[in-house]
Amino acid sequence: MQNPVEEILHKRHSLRRYAKRQPERGVIDACLEAARIAPSAQNSQLWRFHVIDDPALRDEIALAATGGVYLPSKFIREAPVIIAALAKTDIRINRIGTFLQGVQFYLFDLGVACQQLVLRAEELGLGSCYIGWFDVDAVRRLLTVPKNEHLVCLLALGYPPEGYTLPGTHKRKELHTIARYNRE
């Protein structure tokens, strides 16, 4: 038998259809708490999460985010909750790392926090989906995102629709094709 973490890891997938049922604020807060306690470079905790659960604002954000070339992401219009995942980019460790390594370390930190959020959501019976293809400028304007915060992705969040069954497991590459030890 799998342990609970392994079970969640195997079960979690991107959900693109949602029930109308609104997740309770306590459930959303539990997901945000999982993100809050995520590790980060130098404990910078640079993430910010903007929760949109008001139906009118959510509809406005979803429509603005998914117009024109962003239409493939229109499924978020059904999600009862949209979470904008942002990162403060003016934090010293991020600026130093970017300068010295050429890597935007805030993307690692925010990615870890978002993954903890969606895994907790899965544990609590919610489905989620990362959205990277959306009109960033439109969403930034509607949420009045400060200049020192980078809007990285949106997370659609909600309960699966009634009668929903997990899709077949997506084929994954074999472990030996993606990993190696030492100088193999």
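Read-outs: derived from the displayed coordinates by stated rules, not from any lab. All figures in this text were calculated on a predicted structure; none of them were measured in a lab. Ideal geometry is used to build each Cβ from the backbone, glycine not excepted, and the neighbour counts take in all protein chains shown.
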From a point 7 Å beyond the Cα of residue 2 in the direction of its Cβ, which residues of segment 148-177 have a backbone N at a distance under 19 Å?
160, 164-176
When the label point is put 7 Å from the Cα of residue 11 along its Cα-to-beta-carbon vector, which residues of segment 31-50 have a backbone N closer than 20 Å?
31-35
Counting other beta carbons within 10 Å of each residue's own, what order do 128, 14 fall into, fewest first?
14, 128
Listed residues 113, 176, 79: farthest to the positive end of the dipole of the chain (Cβ charges):
176
Dipole of segment 2-105 (Lys/Arg Cβ +1, Asp/Glu Cβ -1, origin at the Cα centre): which of 34, 62, 102 lies farthest to the positive side?
102
Between the alpha-carbon centers of segment 43-93 and segment 146-162, tell me the distance in whole angstrom.
4 Å
How far is it, in nm, from the label point at residue 165 to the one at residue 180 when both lie 7 Å from their Cα along the line to the Cβ?
4.1 nm
Cβ-derived FRET efficiency at R0 35 Å, residue 98 paired with residue 172, nearest 0.05:
0.65
For the chain, give the magnitude of the charge dipole about the Cα centre (Cβ charges: +1 Lys/Arg, -1 Asp/Glu; no others), in debye to the nearest 20.
440 debye
Per residue Cα convex hull volume in Å³ - calculated over the chain
167 Å³
For the chain: lysine pairs with Cα atoms under 25 Å, gap of 8 or more or different chains, count?
6
Here the relative contact order (percent) of the chain, from C-alpha pairs under 8 Å and at least 6 apart, is 33 percent
